[in-house]
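The values are calculated or read from the model by the stated rules, or taken from the named source; none is laboratory data. The model shown is predicted, which means the values in this text are computed figures rather than measured ones. Counting neighbours? That spans all protein chains shown, and the Cβs are built from the backbone with ideal geometry, glycine included.
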């Protein structure tokens, strides 16, 4: 008895498991989709499908039918099996969006059985204004389809579109896929497409015809058409991801514009942007070109701001000229590149004998110890000297952060010229630069030529075309700190190899310093106003809001398938895109 019970249990388990494992498996040898266009812009869609169920397949008890759009009506839909109208219910499909599912009830098609399934519905808003010609109306349509895992073999698919009476066959035009048939049938032009294919994916066809036979067509703007394509081409998950990505990009652009300030202001701005994003459908697409344009504008403005690093100065017209600025200070006033300002300071310090360049690549300096007794240093030179001493173990000057020293120099220059006429002051120092070049040309071959050049070279370096204009002098002039001593030794910078005989050219020495700074000047300038300097600073706004919150409130806490791309060629249209059902 135990053996018999065990056998029965195993048999029942095998039978139940196999029954549960059965899935839909069928072929659809023939499908006819008959579409009758109504003058009011709607259409009557009638399907006729021949089903042949597999011998080991699940009984076909439900058929999913994809709809052109969400505005379908279950009450306006009917279904038949082998000519007998179904008594089962028609519901919203759980698998196909948009779509309906037809429950066959007692008319289900059993395993190894076959039957003809028919379905008919009336769809509104199927005919659109053609976007290529004002006198044409157009419609695109895609038959429903079934999941790849369910359908066996291929299908003879026929699509018929019946145009309202009053249109001649030659007036009807195809879109993308040519007609395989066109005829006049009881006063109406009927166009058709016949194809043998797998009934497991979308097959879109389109037709355009004279608008005069229509009493209503749906008009759609290009942005609306693009939005329809966008929503069909991307899944809701992909569109949601792009929405979040757009918000993140907008936040980054805002932070770069404001220099990491205005976070409080950003919140209402984001809410307002979200309102427009939801209110206007096309914003979902056009937000990306807008973000790209904003990013280009912000980055261009940031670049221009870096080139103009002086803060606002109270300039007085007719207030006179501010004299007595050193060459580096004049360079700041003229807003020359920061690399040139730092180079001027370092060369000035070398001329005074307080530092020596010991290698060319990488650029390294050594502080002279003890300092020359006659060396008189400016405040900004003391700052750089302290930096070099502090970074004595650093391998190269490339690794030293000069931003704080440069920021202090810019602030000091700005305070010194307050109350003077900036335009006249700038012109004054431009004339000094011009005069330095003129006097250098007039020195002539005299015994003290090197010392005379020492007096001029700092100002000559302020010329934007210094490299080109100094070329006639570069083989003759040797910076003071590199001149041969009385013992005949040279203090030329090494480049990792034994010292070359003779002193280096001035242009080589200058290139060893300014060449690196030229590549990193942007970062140094950005540091003058903070590492993330923006175009517009909301720091004071943030501070004011913070103070207001403190004063108003206490000690609170702050807490941290279906669907297809319906892109119509030259027309706005509705497509029966949904498919992939049972």
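How many residues, within segment 213-236, are within 20 Å of the chain's Cα centre (by Cα), more than 17 Å from residue 291 (Cβ to Cβ) and either at pLDDT 75 or above or buried (at least 17 other Cβ atoms within 10 Å of the Cβ) (or both)?
Residues that pass the stated criteria total 2.
Looking at (1) over 14 Å from residue 119 (Cα atoms); (2) surrounded by fewer than 16 Cβ atoms within 10 Å (Cβ to Cβ); (3) modelled with pLDDT of 90 or more, which is the only condition residue 18 fails?
(3)
State whether one or more residues within segment 163-173 are part of a helix (DSSP H, G or I), more than 18 Å from residue 208 (Cα to Cα) and out of contact with any helix residue (DSSP H, G or I) (no Cβ under 6 Å at 6 or more places or on another chain).
no
For the structure I just gave you, tell me whether residue 405 is assigned by TED's automatic domain parsing to the domain that holds residue 332 and either farther than 19 Å from residue 344 by Cβ or modelled with pLDDT under 90 (or both). Steps first, answer last, please.
On the way: assigned by TED's automatic domain parsing to the domain that holds residue 332: yes; either farther than 19 Å from residue 344 by Cβ or modelled with pLDDT under 90 (or both): yes.
So residue 405 passes the test.
Of the conditions (1) surrounded by 15 or more Cβ atoms within 10 Å (Cβ to Cβ); (2) under 45 Å from the mean Cα position of the chain (by Cα); (3) in a loop (DSSP other than H, G, I, E, B), residue 157 satisfies every one except a single condition; which number is it?
For residue 157, the failing item is (3).
Quick test of your reading of the structure: residue 379 fulfils all but one of (1) modelled with pLDDT of 90 or more; (2) surrounded by 14 or more Cβ atoms within 10 Å (Cβ to Cβ). Name the failing condition by number.
The single condition residue 379 does not satisfy is (2).
If you check 42, 57, which single one turns out to be buried (at least 18 other Cβ atoms within 10 Å of the Cβ), assigned by TED's automatic domain parsing to the domain that holds residue 139, out of contact with any helix residue (DSSP H, G or I) (no Cβ under 6 Å at 6 or more places or on another chain) and under 30 Å from residue 164 (Cα atoms)?
Details: 57 fails: under 30 Å from residue 164 (Cα atoms).
So the residue among 42, 57 that is buried (at least 18 other Cβ atoms within 10 Å of the Cβ), assigned by TED's automatic domain parsing to the domain that holds residue 139, out of contact with any helix residue (DSSP H, G or I) (no Cβ under 6 Å at 6 or more places or on another chain) and under 30 Å from residue 164 (Cα atoms) is 42.
Could we say that residue 399 is within 43 Å of the chain's Cα centre (by Cα), in the same structural domain as residue 453 (by TED's automatic domain parsing) and on the phi > 0 side of the Ramachandran plot here? Spell out how you get there, then give the answer.
Values: within 43 Å of the chain's Cα centre (by Cα): yes; in the same structural domain as residue 453 (by TED's automatic domain parsing): yes; on the phi > 0 side of the Ramachandran plot: no.
Against the criterion (within 43 Å of the chain's Cα centre (by Cα), in the same structural domain as residue 453 (by TED's automatic domain parsing) and on the phi > 0 side of the Ramachandran plot), residue 399 does not qualify.
Residues of segment 67-112 being touching a helix residue (DSSP H, G or I) at 6+ places or on another chain (Cβ under 6 Å) and assigned to a strand (DSSP E or B), which ones?
Hit for segment 67-112 is 81, nothing else.
Are any of the residues in segment 136-153 in a strand (DSSP E or B), surrounded by fewer than 18 Cβ atoms within 10 Å (Cβ to Cβ) and either modelled with pLDDT of 95 or more or in contact with a strand residue (DSSP E or B) (Cβ under 6 Å, 6 or more places away or on another chain) (or both)?
yes
Yes or no, residue by residue, for (1) farther than 30 Å from residue 154 by Cα; (2) at pLDDT 90 or above; (3) assigned by TED's automatic domain parsing to the domain that holds residue 142:
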site: 183; (1), (2), (3): no, yes, yes
site: 197; (1), (2), (3): no, yes, yes
site: 210; (1), (2), (3): yes, yes, yes
site: 241; (1), (2), (3): yes, no, no
site: 269; (1), (2), (3): yes, no, no
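Tell me, which residue of segment 333-374 that is loosely packed, with under 15 Cβ neighbours inside 10 Å and closer than 28 Å to residue 432 by Cα is farthest from the chain's Cα centre (by Cα)?
So the residue we want is 374.
Given (1) more than 30 Å from residue 316 (Cβ to Cβ); (2) modelled with pLDDT of 80 or more; (3) loosely packed, with under 12 Cβ neighbours inside 10 Å, where does residue 415 come up short, assuming only one miss?
Residue 415 satisfies all of (1) more than 30 Å from residue 316 (Cβ to Cβ); (2) modelled with pLDDT of 80 or more; (3) loosely packed, with under 12 Cβ neighbours inside 10 Å except (1).
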